[in-house]
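Step one of this worksheet: look at the structure below.
The values are calculated or read from the model by the stated rules, or taken from the named source; none is laboratory data. All values derive from a computational prediction rather than experimental measurement. Here the Cβ positions follow ideal geometry from the backbone for every residue, glycine too, while neighbour counts run over all protein chains shown.
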Amino acid sequence: MKKLFLLISITTLAFGSCREKKTETKEVIREVQVEAETPKDKEGILERTAKEVDKEVNQEIDKKIDEIGNDK
């Protein structure tokens, strides 16, 4: 009797633990609109540096022209 009870309890545990557990999952999809910033300067570092140098040179040239113009 004890052996039968032991056998039934072991088989119950074996079949009971092998059951497939179903978990419900919910898939949520949300669309988000993202505004990408458009870069104003699509130039490289060399082009930007050249513009700064040109600006400084132009300022110096303008100063020299003003000095020459004031000599008259």
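Give all pairs with beta carbons closer than 8 Å in which a residue from region 14-42 that is farther than 30 Å from Glu52 by Cα meets a residue that is part of a loop (DSSP other than H, G, I, E, B) and modelled with pLDDT of 85 or more; count only pairs at least 6 apart in sequence or on separate chains.
none
Taking the criterion of being of a type in the set (Lys, Arg), outside any helix (DSSP H, G or I) and either surrounded by 10 or more Cβ atoms within 10 Å (Cβ to Cβ) or at pLDDT below 85 (or both), would at least one residue in region 29-52 satisfy it?
yes
Read through the list (1) modelled with pLDDT of 85 or more; (2) part of a helix (DSSP H, G or I), then give the number of the only condition that Ile10 fails.
(1)
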